[in-house]
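The values are calculated or read from the model by the stated rules, or taken from the named source; none is laboratory data. Treat the numbers as computed from the prediction; the structure is a model and nothing was measured. Note that we place each Cβ from the backbone using ideal geometry, even for glycine, and neighbour counts take in every protein chain shown. Side chains included, ligands, DNA and RNA excluded: accessible areas come from the protein's heavy atoms. Shrake-Rupley method; radii C 1.70, N 1.55, O 1.52, S 1.80 Å.
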Amino acid sequence: MTVYKGYMKIVKRNLGLILMYVVIFAGITVLFQQFSSADPAGSYQAESVRIAVVDEDRGSLAEGLKTYLGQFHEVTAAEHDKARLQEDLFYRNVEYIIWIPEDFFETCIVEGKALNVTKVPGSYTAFYVDQQINSFLNDARAFHAAGFTREETAEALGKLEPAQVELLDTGRASGEMSAYGFYFRYVPYLFLSVLCYVMGNVISAFRKGDLPKRMRACAVSGRRQSVEGLLAAATLGLCLWALSIAGAFFWYRDSLTERGGVVYLLLNTLLMMLVALTISYLVGLFVHGKNAVNTLNGIVNVLSLGLCFLCGVFVPLEIMSKRVKAVSQFLPVYWYEVVNEYLVEFGNVTGEAKQAVLQGLGMQLIFVAALVCVTLTVSKWKRV
């Protein structure tokens, strides 16, 4: 086991680097989880906007509009002072200004004209308020068209209640990402960074100087050398995989056992480890020479960060464009993230979700086989 011991000796020299990336991984996971838990259902809640209302009508319908908007936003009365209002808008003391004309009913309901408003340019909350005002005015016009008087229209609008929306929780997550979702999302970054750096250093070390010639001339056969090298790589990969799984169960044991699908999660991370291991071995074959360390740093940064940004590790898949996803489908990390999202959302997968999970696992296995073939071809080419 001389070759195996040589591999592991170089791995021990890189323990500091391994621990550094484990700490970075844990820090990123905790950081993003804290940001998400601060407002876990923020994506499903209405945003409150600071609205200033200049009411020159002071009628019942104008009061009805202010009451209606007050259900959702922070509505305050303001004087007709353009300079003061522009200053408040500039300093974001208010985000939306409504100018209600003196003949509000005749102008906006009977004649159908729009209200005069001033808002922060490009603000998405402004579009939200626009829709609510248009909804109020359209309802008022409908009541007026049905023969309601001004007072009857205001009274009828006051009785309307906001629609109640109930989220359908198909994955039993209540619209929230499971506690361990962020942890497993960032696992590829840990595997790619650690394995590519460490295995790159190990393989490049065995290709320095006359060492390859001496190894070919030694009594240990080339086949046994390859087997011991693969055994050392598998040892490193399995240790890193076991460390990541142990961390997941240490932090999220209750969530993992309650949600189910643990076997698929373990298999998904194991395949991702194999993908990272084959990539790292391939990277090591291209790193040699005096500037091996700098070359390795550049290759690993491009690979790890590039794959993580393109495949849904740092940027969730649901907000990525179709063009980026079309490219990402040709990368193994994409299929890991697809499987991870299904498992985080549904837990115990069945039916079509189970088929999608098995498809993602199968695609990763195909990538592993393809990368092994490429690695063997490059390795043979390098020896010639």
Original post:
In the set LEU358, LEU371, LEU365, which member is part of a helix (DSSP H, G or I), out of contact with any helix residue (DSSP H, G or I) (no Cβ under 7 Å at 6 or more places or on another chain) and surrounded by 12 or more Cβ atoms within 10 Å (Cβ to Cβ)?
Top reply: LEU358
Subject >> Index of the failed condition, VAL302 passing every other in (1) assigned to a helix (DSSP H, G or I); (2) touching a residue at least 60 places away in the same chain (Cβ under 8 Å) >> reply: (2)
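Yes/no matrix, rows are residues, columns are (1) of a type outside the set (S, T, N, Q); (2) part of a helix (DSSP H, G or I):
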{"site": "LEU61", "(1), (2)": "yes, yes"}
{"site": "TYR68", "(1), (2)": "yes, yes"}
{"site": "VAL75", "(1), (2)": "yes, no"}
{"site": "ILE97", "(1), (2)": "yes, no"}
{"site": "THR107", "(1), (2)": "no, yes"}
{"site": "ALA114", "(1), (2)": "yes, no"}
{"site": "PHE127", "(1), (2)": "yes, yes"}
{"site": "ASN134", "(1), (2)": "no, yes"}
**OP:** For VAL313, work out the one condition from (1) assigned to a helix (DSSP H, G or I); (2) in contact (Cβ under 8 Å) with a residue 24 or more places away in the chain; (3) β-branched (Val, Ile, Thr) it doesn't fulfil.
**Re:** (1)
Subject >> In segment 319-355, residue modelled with the highest pLDDT [restricted to those that are open to solvent by less than 30 Å² (accessible area, probe 1.4 Å) and outside any helix (DSSP H, G or I)] >> reply: MET320
Original post:
Pick from segment 88-114 the residues that are surrounded by fewer than 12 Cβ atoms within 10 Å (Cβ to Cβ) and over 38 Å from the mean Cα position of the chain (by Cα): which of them is farthest from THR125 (Cα to Cα)?
Top reply: GLU111
Subject >> Lone qualifier among GLU63, GLU79 - being closer than 27 Å to ALA142 by Cβ, among the acidic types (Asp, Glu) and either open to solvent by 80 Å² or more (accessible area, probe 1.4 Å) or at pLDDT below 85 (or both) >> reply: GLU63
Subject >> Hits in segment 5-23 - residues which are loosely packed, with under 12 Cβ neighbours inside 10 Å and under 14 Å from LEU230 (Cα atoms) >> reply: LYS5
